[in-house]
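Written below as structure tokens is the structure these notes are about.
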Amino acid sequence: MPGAGAPLVAGAVPDGAAPSVAGAAPDAGALGTRTYDRILEPRSPRRLPLGDGTWHQLARAYVRVQLITQGAVLLAVLAVAVIVQTWTGFVWHWIPAGVVLSVTLVGLLITPRQARSFGYQLRRDDLVFRRGILWQRVVAVPYGRMQLVDITHGPLDRGFGIAQLKLVTAAAASGVTIPGLTQEAVEQLRDTLVAVAETRRTGL
């Protein structure tokens, strides 16, 4: 008999779950298409353990979207700073501009590794989400407490075929936002979570 941490697998019917919910489980292939193959963990032996089960990751295109976005911000700030200096002759504005440029440059450097620290796992009773290298965060969202599953994607996201999925619960602190999912994965994951959450709330 699977425990509370047993993964939700497509085609499997966990004890106590309705067959219709199990049938709504997302295709494991869809969740793993065009994504990274493993989660990068901190090197410290005191890191939070991954545990058992299958972890799914973000789409590889997420990193490209983030690099393009941050690169555009860096170029825009640099261009504005140069124009202001050309028109006014002052150089004091390079102080705030330098701070923004430094933060953006650091973001460009750490984004590829940071993106590979994201992971989510579908278990029998909840969805577990983890992220972070220096500051790790692990959140378990019970299916029965989900109130809203929201999908958003901007023009650049659509161009690369990715979207963001947000899980809203009664407690704001326990909400989860999973960025950089492929369009196929986010749609199947939405349908699965809505079906499972509705079943848990009605006690089926």
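The values are calculated or read from the model by the stated rules, or taken from the named source; none is laboratory data. On a predicted model such as this, the values are computed, not experimentally measured, just so you know. Cβ coordinates were reconstructed from backbone atoms using ideal geometry, including for glycine residues, and neighbour counts include every protein chain displayed. Keep in mind that these areas ignore ligands, DNA and RNA; they rest on the heavy atoms of the full protein, side chains included. Shrake-Rupley method; radii C 1.70, N 1.55, O 1.52, S 1.80 Å.
Can you find even one residue in region 15-30 that is out of contact with any Gly (no Cβ under 6 Å at 6 or more places or on another chain), modelled with pLDDT of 75 or more and not in a loop (DSSP other than H, G, I, E, B)? Walk me through how you get there before you give the answer.
First, the residues of region 15-30 that are out of contact with any Gly (no Cβ under 6 Å at 6 or more places or on another chain): 15-30.
Going one step further and asking which of them are modelled with pLDDT of 75 or more, we end up with none.
Within region 15-30, not a single residue is out of contact with any Gly (no Cβ under 6 Å at 6 or more places or on another chain), modelled with pLDDT of 75 or more and not in a loop (DSSP other than H, G, I, E, B).
Just for region 52-72: of the residues that are free of Cβ contacts under 8 Å to residues at least 60 places away in the same chain and farther than 9 Å from A115 by Cβ, which one is surrounded by the most Cβ atoms within 10 Å (Cβ to Cβ)?
Q70
Please note which strands (runs of 3 or more DSSP E) are completely contained in region 121-176 and include at least 2 residues that are under 17 Å from G51 (Cβ atoms) and aliphatic (A, V, I, L, M). Step through it out loud before you land on a result.
On the way: elements: 126-131, 137-142, 146-152, 162-169.
Because the criterion is at least 2 residues that are under 17 Å from G51 (Cβ atoms) and aliphatic (A, V, I, L, M), the strands (runs of 3 or more DSSP E) in region 121-176 that meet it are 126-131, 137-142.
Okay, residues lined up against (1) under 20 Å from Y36 (Cα atoms); (2) in contact (Cβ under 8 Å) with a residue 40 or more places away in the chain; (3) open to solvent by 60 Å² or more (accessible area, probe 1.4 Å); (4) of a type outside the set (D, E):
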{"residue": "G161", "(1), (2), (3), (4)": "yes, yes, no, yes"}
{"residue": "V168", "(1), (2), (3), (4)": "no, no, no, yes"}
{"residue": "A185", "(1), (2), (3), (4)": "yes, yes, no, yes"}
{"residue": "V196", "(1), (2), (3), (4)": "no, yes, no, yes"}
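Scan region 126-135 and give yes if some residue there is touching a residue at least 24 places away in the same chain (Cβ under 8 Å), of a type in the set (A, V, I, L, M) and farther than 20 Å from A171 by Cβ, otherwise no.
Yes, because at least one residue in region 126-135 is touching a residue at least 24 places away in the same chain (Cβ under 8 Å), of a type in the set (A, V, I, L, M) and farther than 20 Å from A171 by Cβ.
Condition test on V176, is it modelled with pLDDT under 90 and under 11 Å from the mean Cα position of the chain (by Cα)?
So V176 fits the description; yes.
Return a yes/no flag: does region 75-83 have any residue that is β-branched (V, I, T) and under 30 Å from the mean Cα position of the chain (by Cα).
Filtering region 75-83 for residues β-branched (V, I, T) gives 77, 80, 82-83.
Narrowing the set further to residues that are under 30 Å from the mean Cα position of the chain (by Cα) leaves 77.
Yes: region 75-83 contains one or more residues that are β-branched (V, I, T) and under 30 Å from the mean Cα position of the chain (by Cα).
Return yes when R116 is exposed (fewer than 12 other Cβ atoms within 10 Å of the Cβ) and modelled with pLDDT under 95 and no when it is not. Give the derivation first.
On the way: exposed (fewer than 12 other Cβ atoms within 10 Å of the Cβ): no; modelled with pLDDT under 95: yes.
Criteria not met by R116.
Within region 132-146, track down each residue that is surrounded by 17 or more Cβ atoms within 10 Å (Cβ to Cβ) and either touching a His at 6+ places or on another chain (Cβ under 8 Å) or within 13 Å of L122 (Cα to Cα) (or both).
V139, V141, Y143
Take the conditions free of Cβ contacts under 8 Å to residues at least 24 places away in the same chain, buried (at least 16 other Cβ atoms within 10 Å of the Cβ) and polar (S, T, N, Q) and apply them to Q121. Does it pass?
No: the conditions fail for Q121.
Filter region 85-111 down to the residues that are in a helix (DSSP H, G or I) and open to solvent by less than 50 Å² (accessible area, probe 1.4 Å) and list them by number.
Pass one, region 85-111, residues in a helix (DSSP H, G or I): 85-88, 94-111.
Once the filter is applied, which keeps residues that are in a helix (DSSP H, G or I) and open to solvent by less than 50 Å² (accessible area, probe 1.4 Å), region 85-111 yields A97, G98, L101, T104, G107, L108, T111.
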